[in-house]
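Visitor: I'd like to ask you about the structure that follows.
The values are calculated or read from the model by the stated rules, or taken from the named source; none is laboratory data. Please read these numbers as outputs of a predicted model, since none were measured by experiment. In this analysis, Cβ positions are derived from the backbone assuming ideal geometry, glycine residues included, and neighbour counts consider all displayed protein chains. The accessibility values were calculated without ligands, DNA or RNA, using every heavy atom of the protein model including side chains. Shrake-Rupley method; radii C 1.70, N 1.55, O 1.52, S 1.80 Å.
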Amino acid sequence: MARNDDNKMSREEAGRMGGEATSKNHDKDFYQEIGEKGGEATSKNHDKEFYQEIGQKGGEARGNNGNSGNGGNSGGDGKMSREEAGRKGGEARARQRDRD
């Protein structure tokens, strides 16, 4: 158990224990509902550029995750790199938000 210098529970430990207790008390539908609510709140508070930026960052992070250095594309196979997929996903979400 992670304790601080005063032998009290750390925030990390408290959060882990709280998460475990919550997961025992709730099912998949609960997490889907709160995820949807969070997504709606985020979309109300952020603009198109926000979604493009996080889509690009996500694609870059996946592309740099120990792959061959070309964004996750094995090369020459016609498949989109993970970086490109993330960027396109962010752009698509931004367009969808603009329509809403």
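Visitor: Taking interchain pairs and intrachain pairs at least six residues apart, which have beta carbon atoms under 8 angstrom, with the first residue in the range 1-14 and at negative phi and open to solvent by less than 100 Å² (accessible area, probe 1.4 Å) and the second at pLDDT 75 or above and not in a loop (DSSP other than H, G, I, E, B)?
Guide: Ala2/Met9; Ala2/Glu12; Ala2/Glu13; Met9/Met17
Visitor: Ok, one more. Take the residues in the range 17-48 that are of a type in the set (S, T, N, Q) and out of contact with any helix residue (DSSP H, G or I) (no Cβ under 8 Å at 6 or more places or on another chain); name whichever of them is nearest to Gly90 (Cα to Cα).
Guide: Thr42
Visitor: Do you know which of the residues in the range 37-85 that are assigned to a helix (DSSP H, G or I) and polar (S, T, N, Q) is modelled with the highest pLDDT? I'd like the intermediate steps shown before the answer.
Guide: Initially, the range 37-85 is screened for residues assigned to a helix (DSSP H, G or I), giving 37-45, 48-63, 82-85.
Now narrow it down to the ones that are polar (S, T, N, Q): 42-43, 45, 52, 56.
Numbers: Thr42: 88, Ser43: 86, Asn45: 91, Gln52: 88, Gln56: 87.
Per the stated criteria, the residue is Asn45.
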